[in-house]
1. On the basis of being within 21 Å of Glu83 (Cα to Cα) and either of a type in the set (D, E, K, R) or more than 19 Å from the chain's Cα centre (by Cα) (or both), does Glu190 make the cut?
2. Only one of Ala86, Ala74, Ala23 is closer than 19 Å to Ala105 by Cα, among the small types (Gly, Ala, Ser) and part of a helix (DSSP H, G or I); which?
3. When you scan segment 21-43, how many residues do you find that are under 18 Å from Gly63 (Cα atoms) and either touching a strand residue (DSSP E or B) at 6+ places or on another chain (Cβ under 6 Å) or not acidic (Asp, Glu) (or both)?
4. For Ala143, which of the numbered conditions (1) at pLDDT 95 or above; (2) within 13 Å of the chain's Cα centre (by Cα); (3) assigned to a loop (DSSP other than H, G, I, E, B); (4) surrounded by fewer than 18 Cβ atoms within 10 Å (Cβ to Cβ) fails to hold?
5. Given (1) more than 23 Å from Ala74 (Cβ to Cβ); (2) in contact with a Gly (Cβ under 8 Å, 6 or more places away or on another chain), identify the lone condition not met by Asp133.
6. Which numbered condition in (1) free of Cβ contacts under 8 Å to residues at least 60 places away in the same chain; (2) in a helix (DSSP H, G or I); (3) within 30 Å of Ala161 (Cα to Cα); (4) among the hydrophobic types (A, V, I, L, M, F, W, C) is the only one that Val61 fails?
7. Looking at Pro44, Pro10, can you tell me which residue is more than 18 Å from the chain's Cα centre (by Cα) and loosely packed, with under 15 Cβ neighbours inside 10 Å?
8. Scan segment 31-53 for residues that are within 28 Å of Arg109 (Cβ to Cβ) and touching an Asp or Glu at 6+ places or on another chain (Cβ under 8 Å) and jot them down.
Amino acid sequence: MGGVNKLLEPLDGIPVLVRTLDALQRAQRVDAIIIATREEDLIPISQLCHTYGITKCAKVVRGGESRTHSVLLAALESDAGTELLAVQDGARPLVTPELIDDVIAAAARCGAAAPAVPVKDTVKVVRPDGTVDRTLDRSTLMAVQTPQVFTADLLKAALQAVLEERIEVTDDCAAVERLGKEVYLTEGAESNLKITTPGDLILAEALLHAEEIEG
């Protein structure tokens with residue numbers, strides 16, 4: 001994003017993060033929201049929660065040195081009696097309350113769940129010199145989204161383990177899988193995209209407008 005804080009960028013007039021938080025706010029199975037962010041964004045994000053009425057926001061805490069560390073710091077701030085923890089990318093502003101509730105319900109049954117969609121493109125494993133090593137079977141591949149939901153003790157133990165072993169994981173499911181735990185995949189949504197590039201903002205706005213027309 002060229003150094004721009006994508007979470008604070010406007011998406012059809014409303015900051016990306018606020019749209020994500022609003023979905024969590026409206027999800028029936030979400031009781032409290034804890035936001036981990038950079039130190040310089042602690043006050044701006046707290047103000048956004050107040051301005052847009054995100055009343056479920058219990059805390060805004062300073063994140064860590066990595067994504068995994070940030071998630072763990074937020075998880076450790078949850079109430080002692082919390083049974084399930086849902087990890088949501090702030091940059092997935094088109095997630096719906098219904099999708100969030102569905103994944104939480106699945107995790108309540110099996111202990112670990114995440115939404116996913118089938119991979120559309122052919123995926124190849126590439127050697128360091130840029131040549132193709134092998135082609136993966138697309139029918140067995142899924143693109144995993146968020147929220148990723150786990151029993152609280154399981155998530156904390158998984159995150160602490162990868163941090164202690166200094167292993168990099170790209171999502172929380174991978175941390176849990178390393179403990180030998182199975183993760184159940186639920187039906188995701190193509191619209192539940194992650195804002196990574198300026199083009200993603202354009203696509204997200206187009207999807208928002210399409211939903212308004214259909215609605």
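1. On the way: within 21 Å of Glu83 (Cα to Cα): no; either of a type in the set (D, E, K, R) or more than 19 Å from the chain's Cα centre (by Cα) (or both): yes.
Considered against the rule, which asks whether it is within 21 Å of Glu83 (Cα to Cα) and either of a type in the set (D, E, K, R) or more than 19 Å from the chain's Cα centre (by Cα) (or both), Glu190 comes out as no.
2. Working: Ala86 fails: part of a helix (DSSP H, G or I); Ala74 fails: closer than 19 Å to Ala105 by Cα.
Within the list Ala86, Ala74, Ala23, the selection yields Ala23.
3. To start, the set of residues in segment 21-43 that are under 18 Å from Gly63 (Cα atoms) comprises 21, 32-43.
The next check asks that each one be either touching a strand residue (DSSP E or B) at 6+ places or on another chain (Cβ under 6 Å) or not acidic (Asp, Glu) (or both); those that pass are 21, 32-39, 42-43.
Residues meeting the conditions: 11.
4. (3)
5. For Asp133, the failing item is (2).
6. So the condition that Val61 fails would be (2).
7. After applying the criteria, what remains is Pro10.
8. Filtering segment 31-53 down to residues within 28 Å of Arg109 (Cβ to Cβ) leaves 31-36.
Across segment 31-53, the qualifying residues are Ala32, Ile34.
The values are calculated or read from the model by the stated rules, or taken from the named source; none is laboratory data. All values reported here derive from a predicted model rather than from experimental measurement. Note: ideal-geometry Cβ built from the backbone for every residue, glycine included; neighbour counts use all protein chains shown.
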